[in-house]
Each structure stands twice: as structure tokens, then as C-alpha cells.
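Rule-based calculations on the coordinates, nothing more; no lab input. Nothing here was measured: the structure is a model prediction, and the numbers come from that model.
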Amino acid sequence: MLLLTKAIVAIMMGFLFSAVLGLALVPLLKKMRVGQRISIFVGESHRKKEGTTTMGGLIFIIPTVVITLGLLLFHKISYSSNLGIVLLVFIGYALIGFLDDVLSIRRGHNEGLTVYQKLLMQVAIAIGFFYIYMKNGGQTSWVVGTLHIDIEMTWLYGLFILLILVGASNAVNLTDGLDGLAGGLSAIAFIAFSLISLTVGFEDIGIFSLILAGSVFGFLIYNTHPAKVFMGDTGSLALGAAMGAIAILTHRELTLLVVAGIFVIETLTVILQTIWVICFHKKLFLMTPIHHHFEKLGWDETDIVKLFWVGGLILAMSGIIFGVWL
């Protein structure tokens with residue numbers, strides 16, 4: 001009963017904090033003229049979004065960090081190296097995204113940090129992750145009990161960590177193209193991982209996931225159509241990396257592919273489109289990521305988001321079954 005109470009309080013605190021913070025932060029960011037630049041390749045419906053306030057990821061990043069640290073300070077949750085790693089990754093990738101957004105705004109286009117600058121920072125975070133993980137006796141084998149997989153990776157596990165963090169963060173970043181799409185899918189995914197974490201004995205990570213899910217729900221007040229603010233790379237990179245870190249620490253890396261299935265599909269369509277154009281000199285989809293393909297077919301933006309949310313919910317429930325029950 002105490003754990004259930006903690007879970008309810010965690011998601012409620014996250015939601016209320018971010019909802020109230022948004023009331024102050026959205027006008028502040030707008031006053032600072034922190035506006036999103038829209039790609040020339042998107043449709044006319046997106047052109048009117050030019051100048052919409054960005055870097056809104058701060059609305060859920062700040063509450064998540066403050067509430068988590070507050071609960072630790074008042075001994076409502078116990079500190080562990082795993083929680084320390086999640087905070088390191090979450091804050092680290094948020095800073096990468098923040099720098100990328102700031103540079104993009106200053107330069108007046110969508111190019112902020114270079115690929116090599118991002119990769120260097122991501123490698124540094126992965127090294128920190130691996131060091132703390134190994135120092136506290138973390139295992140270096142990839143285990144999937146459901147499929148009876150147990151592969152010892154030794155030092156290659158550090159590279160495995162990097163690939164998951166980079167892949168997950170970029171997947172959320174690619175999906176962040178419609179109002180409320182990435183935010184809603186992320187909230188669903190973190191609720192799923194909170195249930196998985198609490199069930200398999202990672203209470204601290206489970207509570208963190210619920211705080212973050214609640215904070216993202218609060219952010220959606222301002223991000224659903226018509227969006228008053230976008231999360232920017234500040235938010236999308238932080239969400240994806242935290243998702244990947246939690247999957248690694250709970251040893252549910254394969255479960256991540258199910259829970260975050262929509263993010264995976266979005267990323268795969270971009271890869272397939274690139275391969276198709278190179279090999280056959282024509283497009284497989286009208287536009288990628290695939291949510292833009294549906295837009296080109298004439299679907300309404302809100303209908304696409306609702307469809308993807310439902311798909312994300314089904315996959316999240318399937319991921320819980322795969323990650324806990326089977």
C-alpha cells in the first residue's frame with residue numbers, strides 16, 4: 001500500500017509542478033524570442049508554426065530533477081547508483097539538447113551542434129555511465145530471460161550502452177514532429193517502465209519514471225494541438241536517453257524495442273527511405289518520419305497523433321507482459 005501511495009504521489013507531484021511551471025516558463029521563453037525554425041520541406045500546415053516557442057522540455061526536466069532530489073533529501077526514496085546514473089544521463093542529454101537549441105536559435109536555422117560535437121558529449125556520458133555501473137558491480141552480459149539469451153560482452157558492454165543511449169535519444173528526437181506526439185508516447189512509455197521497474201525490484205527507478213511521466217503530462221497541457229511550446233532537442237534527447245538508461249539498468253533492453261515501438265518504427269522509416277532512394281532512386285514513403293507520410297496522404301494532425309498514441313499504449317502493455325510476465 002505504501003508503494004502504491006508513493007507511485008500516486010510521484011506522478012501527481014510531477015504533473016502539478018510542471019503544469020504550474022509552464023504558466024511562468026512559456027511566456028518567459030516567448031518573451032526571450034526562443035522560437036522554433038520550421039524546415040522548408042514540411043507542408044504548409046507546419047509553416048504557420050514558424051516561431052512557436054521551443055526549449056519547452058525545461059517544463060518537465062526541471063520538475064523531474066527537483067522533485068527527485070527533494071525526495072532523496074527528505075529520505076522518501078533511497079539513493080542508489082542506478083538512480084545516480086539515470087539522473088546523470090537525463091541531465092547530461094538535456095544539456096546537449098539545450099546547447100543544440102541555443103545555437104540553432106542564435107544562427108537562425110535548425111543546425112546547432114555538429115554531429116561530432118554531439119557524439120563526443122554522448123561518448124563522455126556513456127563512459128561516466130559505464131564507470132559508475134561497473135564500480136557498483138554491474139553485470140556486463142546481455143540477458144533476455146524470456147528468450148534464454150545470456151551473452152557475456154565484457155568491455156563491449158560500454159559500446160552497447162552508447163548505442164542504446166544514442167539510438168533511443170535520436171528516435172524520440174525524430175518522432176517529435178507533431179503537436180503532442182513525442183510527449184504523449186514518452187509519458188506512456190515511462191509509465192510502462194515504471195511498472196516494470198517496480199515489479200522487478202527497482203523502486204527508485206520506478207518512482208523516477210512516474211515523476212517524469214507526470215511532468216510530461218503537465219507539459220502536454222501546453223504542447224498538444226495547437227502547441228504553445230515545443231520540447232525542442234532539450235526535451236527529446238533527455239527523454240530518449242533516460243528511456244534507454246532505464247532499459248539498460250533494469251536489464252530490459254529488448255523490452256525497450258516493444259515499449260518504444262512507435263519510436264522504433266519512426267526511425268526505421270527514415271533508414272528505409274534513405275536506403276530506398278540510394279538503391280532505387282525513388283521514395284518508399286511520401287515523407288519521413290512516417291507521421292509526415294500520413295500528413296501527405298491528407299490525414300489531420302490530431303488524428304495521426306491519436307492513432308500513434310493508441311499504438312503506443314498497445315505496445316506499452318505488450319512490453320509489460322514481455323518484460324515482466326513471460
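Name the most mobile residue of 93, 157, 222, meaning the one with the largest mean-square fluctuation, in a Gaussian network model of the chain with Cα contacts below 10 Å.
The residue with the greatest mean-square fluctuation here is 157.
What value in Å³ per residue do you get for the convex hull of the alpha-carbon atoms in segment 211-326?
Details: hull volume 15.6 nm³, N = 116.
That works out to 135 Å³ per residue.
For q values of 0.15, 0.21, 0.33 Å⁻¹, compute log₁₀ I(q)/I(0) with the Debye formula on a Cα-only model of segment 152-197, without solvent.
-0.54, -0.81, -1.03
Got a sec to turn the phi values of segment 132-143 into Karplus ³J(HN,Hα) couplings, 6.51 cos²θ - 1.76 cosθ + 1.60 with θ = phi - 60°, whole Hz, x for Gly and Pro?
Taking θ as phi minus 60°, the curve returns 5, 4, 6, 4, 9, x, x, 7, 10, 9, 8, 10 Hz for segment 132-143.
So for segment 2-325, what percent of the C-alpha to C-alpha distances run longer than 25 Å?
Here the tail beyond 25 Å accounts for 49 percent of pairs.
³J(HN,Hα) across segment 88-102 via Karplus (A = 6.51, B = -1.76, C = 1.60, θ = phi - 60°), whole Hz, x for Gly/Pro?
4, 5, 4, 5, x, 6, 5, 5, 4, x, 4, 4, 4, 5, 4
Find the relative contact order for segment 2-325 and round it to a whole percent, using C-alpha pairs within less than 8 Å whose residues are 6+ positions apart.
Dividing the mean separation by the residue count of segment 2-325 yields 26 percent.
Which value, in Å³ per residue, describes the convex hull spanned by the Cα atoms of segment 1-135?
Spelled out: Cα convex hull of segment 1-135, divided by residues, is 149 Å³.
For segment 135-227, would you read off the P(r) tail past 22 Å as a percentage of all alpha carbon pairs? Mind showing how you got there, number by number?
Details: 1958 of 4278 pairs.
Percent of Cα pairs beyond 22 Å in segment 135-227: 46.
Among 91, 221, 278, which one shows the biggest mean-square fluctuation in a GNM of the chain, springs joining Cα atoms closer than 10 Å?
Result for the chain, Cα springs under 10 Å: 278 fluctuates most.
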